[in-house]
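Remarks on the structure that follows.
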Amino acid sequence: MNLLKEMPLTEESPHTKQGGMKEFRTFSVHTSKGEAFTVFNTKNKEITQFVENNEACSTIRPAVPYILASRLIKDTPTVVYLPHNVSIGGTQVCLIAGPCSIESEEQMMETARKVKLAGAHVLRGGAFKPRSSPYAFQGMGEEGLLLLRKAGDAYGLPIITEVLDADDIPLIAEYSDILQVGARNCQNFSLLKKLGRTGRPVLLKRGMMTTIEELLLSAEYILSEGNMNVILCERGIRTFETETRNTLDISAIPVLKAKTHLPVIVDPSHASGDWKLIAPLSSAAIAAGADGLMIEVHNSPETALCDGNQSLKPEKFGRMVDTLTPLTEVMGRTL
């Protein structure tokens with residue numbers, strides 16, 4: 001059940017239909033089960049008149065431009081529920097693991113089996129890949145989606161994959177439990193609105209040069225379409241530093257947790273670009289309060305078609321999970 005859901009509100013019209021029947025207008029509003037508010041789009045003149053004429057309504061000027069994402073509207077953490085009793089945003093730190101790109105059935109089945117044994121909760125894999133070069137491997141498309149779904153079902157793991165194009169939403173939503181928005185599409189507002197209409201959980205990655213406020217405003221596009229199952233992902237931002245692929249903004253985690261009720265996870269693989277840095281960055285993310293980690297795991301990184309340098313082997317992923325368990329317990333959470 002969504003903690004923030006859409007409900008109808010009716011107002012009796014002064015007009016009557018033939019036969020004396022009274023006419024009612026229905027408005028679409030948002031209500032919160034935290035600190036309760038009813039949110040109206042005041043650009044609608046009829047709703048504005050209704051608010052002004054209704055003694056039960058009062059208006060406030062929000063302190064932030066992102067209304068539905070803010071703690072002003074909802075003062076309790078949002079938990080996104082997934083199949084197989086998996087959730088993101090609760091007391092358990094969610095582990096999302098799998099290869100950057102889906103390459104074969106053998107690869108996906110073997111990786112899924114091993115990450116499940118190691119403690120992963122969600123299986124990731126790219127079927128449609130955004131690559132800097134048009135000549136690089138672009139993904140297996142629908143065939144890849146089939147393999148990802150098969151591997152997830154075989155080992156009881158919800159699956160997540162990236163949506164690049166609005167035209168692909170119906171196809172990907174047919175297979176995937178979470179729809180991922182990559183960093184390059186963080187401010188593709190048309191795509192975000194369409195994803196909001198699916199009702200499916202959406203993982204929104206922070207853009208490479210996107211501020212925290214801009215990230216929350218991007219989330220607002222999804223939320224404003226009635227989809228409250230949004231997960232934010234810090235994956236590093238572009239700075240002057242060249243020793244890592246991106247610069248992981250650890251400070252963004254507590255800042256976001258203070259500003260929004262939405263769950264926040266971290267992708268240390270894309271932040272670092274180096275598998276040797278994934279474990280320490282994961283520890284830092286959990287210590288900072290992250291609700292989950294998104295880790296690239298490949299059964300043979302040296303032959304990977306995409307991002308092999310930042311992928312852990314399943315055995316290394318398992319050992320990392322073992323080292324993270326005590327830290328997670330210290331933080332009052334579980335893995």
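The values are calculated or read from the model by the stated rules, or taken from the named source; none is laboratory data. All of these numbers come straight from a predicted model, not from anything done at the bench. We place every Cβ from the backbone using ideal geometry, glycine too, and count neighbours over all the protein chains shown.
Side notes on the structure shown:
- Selection over the range 263-307 of residues that are in a helix (DSSP H, G or I) and either in contact (Cβ under 8 Å) with a residue 40 or more places away in the chain or under 30 Å from A69 (Cα atoms) (or both) gives a count of 17.
- Any chance S176 is more than 19 Å from T260 (Cα to Cα), touching a residue at least 12 places away in the same chain (Cβ under 8 Å) and over 15 Å from the mean Cα position of the chain (by Cα): no
- Scanning the range 242-269 for residues that are within 23 Å of D307 (Cα to Cα) and surrounded by fewer than 23 Cβ atoms within 10 Å (Cβ to Cβ) returns T242, E243, T244, R245, N246, T247, D249, I250.
- Selection within the range 276-310 - surrounded by 18 or more Cβ atoms within 10 Å (Cβ to Cβ), of a type in the set (S, T, N, Q) and modelled with pLDDT of 95 or more: S282
- Qualifying residue in the range 74-94 (condition: closer than 21 Å to L256 by Cβ, buried (at least 19 other Cβ atoms within 10 Å of the Cβ) and at pLDDT below 95): yes
- Which listed residue is crowded, with 23+ Cβ neighbours inside 10 Å and either modelled with pLDDT under 95 or farther than 23 Å from L215 by Cα (or both), from L148, L179: L148
- Residue within the range 314-326 that is assigned to a loop (DSSP other than H, G, I, E, B) and either farther than 26 Å from S104 by Cβ or of a type outside the set (S, T, N, Q) (or both) present: no
- Members of the range 182-193 that are of a type outside the set (S, T, N, Q) and either surrounded by 18 or more Cβ atoms within 10 Å (Cβ to Cβ) or in contact with a strand residue (DSSP E or B) (Cβ under 8 Å, 6 or more places away or on another chain) (or both): G182, A183, C186, L191, L192
- Look at the range 236-261: where a residue is touching a residue at least 40 places away in the same chain (Cβ under 8 Å) and in a loop (DSSP other than H, G, I, E, B) and a partner is surrounded by fewer than 19 Cβ atoms within 10 Å (Cβ to Cβ) and acidic (D, E), sitting 6+ places away or on another chain with Cβ atoms under 8 Å, you get R245/D274; H261/D75.
- Across the range 298-335, the number of residues qualifying as of a type outside the set (S, T, Y) and closer than 22 Å to V80 by Cβ comes to 6.
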